[in-house]
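Okay, so here's the structure we're looking at.
The values are calculated or read from the model by the stated rules, or taken from the named source; none is laboratory data. Source: prediction; values computed, not measured. For neighbour counting, all protein chains shown are included, and Cβ atoms are generated from backbone atoms with ideal geometry for every residue, glycine included.
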Amino acid sequence: MKTNELETGKLPFLFLRFVLPAVISMVLAGTQSMVDGLFLGKYASTNTMASVNIAIPYMQMIIGCTMIVCSGTISFLGRTLGRKSDKAKHKAQDIFRSSLLALLACSGVLMLLGMFANAPLAVLMGANDVLLADTARYIFVLSFFTPAICFMILFGFTARLLGKPQLYLIATLTCLAGNVTMDFVAIKILHLGATGAALATGFSYAAGLLITIRPLLKKQSVINIYTGKFRFSLLRHTVLNGSSEGVNSLATAVTVWLFNTALMNYAGESGVAAFTVINYISNFVILVMFGVADGIGTMVSYNYGAGHLERVRKILRLALLLNLISGTLIFLILKLFSRPLIALFIPDQPAIMQMAVQGAQLYSIAFLLNGFNIVHSGYQTALGNAVNSALIAGSRGLIFISAGMLLLPKIFAINGVWLSVPFAELITVLICILLDRREYSRQRQLFQLPQKAPATSRG
């Protein structure tokens with residue numbers, strides 16, 4: 001396995017090779033849900049579209065459990081393989097085997113939950129009598145594809161360490177093409193509504209799995225599905241290391257639930273539909289930022305394991321710059337073009353349109369801040385600092401957004417709902433700066449380097 005490029009290659013080249021495919025893959029994955037929304041909004045109804053949005057927390061449960069394992073695994077594997085020894089190689093094989101078996105068990109539990117408890121889950125997620133049937137139906141159908149979703153992601157992430165960062169990109173392109181095709185057939189032609197959206201998503205992930213599993217079927221690969229032993233001690237470390245990703249997904253689910261509940265109280269189904277459109281657009285952008293964070297994970301963990309601290313800091317600074325640029329661009333786009341973007345989803349609903357445009361204008365402030373937080377969370381995960389990473393993820397997605405949702409609507413009414421996200425991101429930026437200063441000081445002591453202030457803390 002040729003991994004020496006991670007510690008010797010020029011950073012701009014490595015960003016093109018590892019970060020760009022990760023970003024594109026994330027965006028394409030997010031585009032799938034947007035495509036579902038476009039087809040449902042145009043060929044079904046806004047209520048059906050809102051029903052699928054209500055079910056997002058179930059998908060986030062699947063993605064969250066997967067990302068806990070995947071992020072922890074890749075970080076652990078990168079730091080282990082960075083030590084470049086036979087002992088490290090065998091340990092890496094055991095790490096992967098332990099993660100593989102754990103994810104198999106987890107996907108089985110989630111599948112059974114969606115098959116037999118879909119209606120209670122739909123009610124818990126905020127579905128009212130109008131939206132309940134479609135929400136429960138979407139969860140039920142999607143549950144059958146849970147293992148395919150989980151393993152496509154795990155194998156795609158692992159392929160980066162096998163020198164094939166483009167493989168996950170190819171898989172997500174296949175997913176998107178399959179999703180669009182099946183949405184057209186199932187929603188527009190067969191009029192299957194929420195069921196059609198779930199089938200399109202599920203089968204597209206199954207197609208992607210067939211692509212990402214290929215290098216892991218080769219016994220000569222340093223990481224494959226045949227070698228390694230299950231070791232609970234390694235799994236415990238992996239899960240702890242990846243816990244922040246679980247917090248991220250939990251936070252996404254909680255955020256959707258908080259918004260759906262608050263907007264249902266303020267504006268009924270129309271409010272949920274307005275948020276659904278904003279959520280489709282915002283997720284698309286946020287996934288760019290998560291793509292940058294995921295893309296640097298392999299580079300950071302490998303170089304940290306090899307002892308190249310200053311190279312690690314350069315990677316962090318480049319990632320922060322990329323997310324600042326992308327966040328500023330989407331902020332300007334939503335400020336200037338929110339109405340035509342939203343019209344793609346709800347062209348003939350003026351009341352919902354006005355509500356969504358107003359919400360997007362306020363919500364967009366968050367994009368100037370959240371890229372900073374997302375990169376720092378991923379960076380801390382890559383270093384193996386699970387507590388720091390989970391604290392960042394929990395601050396922006398659970399603690400302060402909940403506080404904002406409780407306080408700000410009392411002052412600004414429905415505008416307070418939209419402002420809760422920028423509020424949470426701003427507080428989290430301050431937390432990231434404090435954590436980074438402390439971590440950088442610890443790193444310099446560990447590597448016996450002279451003390452100086454971290455670049456990120458200076459702005």
Review point. Could we say that PHE367 is surrounded by 22 or more Cβ atoms within 10 Å (Cβ to Cβ), modelled with pLDDT of 85 or more and either part of a helix (DSSP H, G or I) or hydrophobic (A, V, I, L, M, F, W, C) (or both) here?
Key: yes
**Study point:** Yes/no for PHE13 being aromatic (Phe, Trp, Tyr) and either in contact with a Lys or Arg (Cβ under 9 Å, 6 or more places away or on another chain) or more than 25 Å from VAL375 (Cβ to Cβ) (or both)
**Key:** no
Review point. Just one of the numbered conditions (1) over 21 Å from the mean Cα position of the chain (by Cα); (2) over 19 Å from VAL69 (Cβ atoms); (3) in contact (Cβ under 8 Å) with a residue 12 or more places away in the chain is not true of PRO215; which one?
Key: (2)
Exercise for review: Spot the failing condition for LEU324; the list is (1) surrounded by fewer than 24 Cβ atoms within 10 Å (Cβ to Cβ); (2) closer than 22 Å to ASP36 by Cβ, and only one is missed.
Suggested key: (2)
Review point. Can you name the residue in region 345-364 that is under 19 Å from SER45 (Cα atoms) and within 24 Å of the chain's Cα centre (by Cα) and, of all such residues, is surrounded by the fewest Cβ atoms within 10 Å (Cβ to Cβ)?
Key: PHE345
Review point. Does ALA382 fit the bill of being at pLDDT below 90 and more than 17 Å from the chain's Cα centre (by Cα)?
Key: no
Check your understanding: With LEU419, LEU435, LEU408 as the choices, which residue is closer than 20 Å to LEU316 by Cα and modelled with pLDDT of 85 or more?
Key -> LEU435
Check your understanding: When region 266-280 is examined, which residues are found to be touching a helix residue (DSSP H, G or I) at 6+ places or on another chain (Cβ under 6 Å) and within 18 Å of VAL35 (Cβ to Cβ)?
Key -> ALA273, THR276, VAL277, ILE278, TYR280
Study note, to complete from the structure: Exactly one of LEU217, LEU263, LEU240 is among the aliphatic types (A, V, I, L, M), surrounded by fewer than 18 Cβ atoms within 10 Å (Cβ to Cβ) and touching a helix residue (DSSP H, G or I) at 6+ places or on another chain (Cβ under 6 Å), and that residue is LEU240
Exercise for review: Restrict the check to region 272-281 and report whether at least one residue is surrounded by fewer than 19 Cβ atoms within 10 Å (Cβ to Cβ), over 14 Å from the mean Cα position of the chain (by Cα), assigned to a helix (DSSP H, G or I) and not hydrophobic (A, V, I, L, M, F, W, C).
Suggested key: no
Review point. Which of the residues spanning region 1-47 are in a helix (DSSP H, G or I), of a type in the set (S, T, N, Q) and farther than 30 Å from VAL185 by Cα?
Key: THR8
Check your understanding: Can you name every residue in region 332-350 that is within 13 Å of LEU362 (Cα to Cα) and either among the basic types (Lys, Arg) or in contact with a strand residue (DSSP E or B) (Cβ under 8 Å, 6 or more places away or on another chain) (or both)?
Key -> LYS335
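So that you can scan it fast, the table gives a plain yes or no per residue for (1) within 22 Å of ALA424 (Cβ to Cβ); (2) touching a residue at least 60 places away in the same chain (Cβ under 8 Å):
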| site | (1), (2) |
| --- | --- |
| PHE232 | no, yes |
| ALA253 | yes, yes |
| GLY268 | no, no |
| THR276 | yes, yes |
| ILE315 | no, yes |
Check your understanding: Can you tell me which of LEU408, LEU398, LEU391 is in a helix (DSSP H, G or I), touching a residue at least 12 places away in the same chain (Cβ under 8 Å) and in contact with a Phe, Trp or Tyr (Cβ under 9 Å, 6 or more places away or on another chain)?
Key -> LEU408
Point to revise | Among the residues listed as ARG160, ARG83, the single one being within 23 Å of the chain's Cα centre (by Cα), among the basic types (Lys, Arg), under 24 Å from LEU240 (Cα atoms) and at pLDDT below 90 | key: ARG160
Check your understanding: Can you spot a residue in region 10-23 that is modelled with pLDDT under 80 and buried (at least 22 other Cβ atoms within 10 Å of the Cβ)?
Key -> no
Check your understanding: Regarding SER71, is this residue part of a helix (DSSP H, G or I), of a type in the set (S, T, N, Q), out of contact with any Gly (no Cβ under 6 Å at 6 or more places or on another chain) and surrounded by 23 or more Cβ atoms within 10 Å (Cβ to Cβ)?
Key -> no
Revision key, fill the gap. Exactly one of ILE330, ILE296, ILE315 is in contact with a helix residue (DSSP H, G or I) (Cβ under 9 Å, 6 or more places away or on another chain), part of a helix (DSSP H, G or I) and over 17 Å from LEU16 (Cα atoms), and that one is ILE330
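Every residue, every condition in (1) under 30 Å from ALA92 (Cα atoms); (2) of a type outside the set (A, V, I, L, M, F, W, C), yes or no:
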{"site": "GLY305", "(1), (2)": "yes, yes"}
{"site": "LEU320", "(1), (2)": "yes, no"}
{"site": "ASN323", "(1), (2)": "no, yes"}
{"site": "THR328", "(1), (2)": "no, yes"}
{"site": "ALA343", "(1), (2)": "no, no"}
{"site": "GLN361", "(1), (2)": "no, yes"}
{"site": "ASN370", "(1), (2)": "no, yes"}
Point to revise | 3 or more residues closer than 24 Å to THR276 by Cα and among the aliphatic types (A, V, I, L, M): qualifying helices (runs of 4 or more DSSP H) within region 128-191 | key: 132-143, 166-183
Review point. Do we find that ALA390 is within 26 Å of PHE447 (Cβ to Cβ), hydrophobic (A, V, I, L, M, F, W, C) and surrounded by 17 or more Cβ atoms within 10 Å (Cβ to Cβ) in this structure?
Key: yes
